[in-house]
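See structure below.
The values are calculated or read from the model by the stated rules, or taken from the named source; none is laboratory data. Bear in mind the structure is a predicted one, so any value in this text is a computation, not a measurement. All Cβ positions, even for glycine, are placed from backbone atoms using ideal geometry, and neighbour counts span all protein chains on display.
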Amino acid sequence: MVEASPIASVLSDPRLPDNPIVAVNAAFLELTGYSADEILGRNCRFLAGKATEPWLSEKIREGVKEHKPVLVEILNYKKGGQPFRNAVLVAPIYDDRDELLYFLGSQVEIKEDQPNLGSA
C-alpha cells in the first residue's frame, strides 16, 4: 500500500499491541537511515529523542486514540542521532465496513529554508 510512494511512509496496525509498524517504504528507510528489519514491529515512537516536543507527541497520540487525522511538525531523530524537523501526517485507514485497519504515517523532512507549518 505504501511501497511505491515517493513520500516516506509507514503503515501501523492498531489491532496489535502498541500499534506496531507493519509496512514501510524505501523513502522512509532513506529518510531515517534505518533498515526495514529495524523498523517493522516497532511503534513510531522510536523516532523521538531528547528534544522531541512532548506536546506534539501527545497530539499524535490523541489523534490515534480518537481515530482522527493529525498533522504536526515535530523534531525527530535519524538512526545516527541526527535531529530533523519532520512534518508528520498520521491518518486512519478503514475497510469498506468502516472498521479501522491501519494508520498511515507519512513524513517529510522540513529543511531550515522551508516555511514552518505552525504546528504548535
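The sole residue among A8, A36, A51, A27 that is surrounded by fewer than 17 Cβ atoms within 10 Å (Cβ to Cβ) and closer than 18 Å to S106 by Cβ is A36. Filtered by the rule that a residue be touching a Leu at 6+ places or on another chain (Cβ under 9 Å), on the phi < 0 side of the Ramachandran plot and not acidic (D, E), segment 64-80 gives P69, V70, L71, V72, I74, L75, N76, Y77, K78. Within segment 54-75, which residues are among the hydrophobic types (A, V, I, L, M, F, W, C), surrounded by 14 or more Cβ atoms within 10 Å (Cβ to Cβ) and more than 19 Å from E109 (Cα to Cα)? Answer for segment 54-75, where residues must be among the hydrophobic types (A, V, I, L, M, F, W, C), surrounded by 14 or more Cβ atoms within 10 Å (Cβ to Cβ) and more than 19 Å from E109 (Cα to Cα): just V64.
Scan S9, S35 and give me the residue that is touching a Gly at 6+ places or on another chain (Cβ under 7 Å) and at pLDDT 95 or above.
Values: S35 fails: touching a Gly at 6+ places or on another chain (Cβ under 7 Å).
Matching residue, one of S9, S35: S9.
In segment 1-27, the residues that are assigned to a loop (DSSP other than H, G, I, E, B) reach residues that are at pLDDT below 95 and surrounded by 19 or more Cβ atoms within 10 Å (Cβ to Cβ) with C-beta atoms within less than 7 angstrom, at least six apart or across chains, in these pairs: N25/V2.
Look at S106 and say whether it is among the hydroxyl-bearing types (S, T, Y), at pLDDT below 95 and not in a helix (DSSP H, G or I). Answer is no for this residue.
Scanning segment 28-82 for residues that are of a type in the set (D, E) and in a helix (DSSP H, G or I) gives E30, D37, E38, E58, E62, E66.
The set of residues from segment 52-68 being without any contact (Cβ under 8 Å) to a residue 24 or more places away in the chain and under 12 Å from the mean Cα position of the chain (by Cα) comprises S57, R61.
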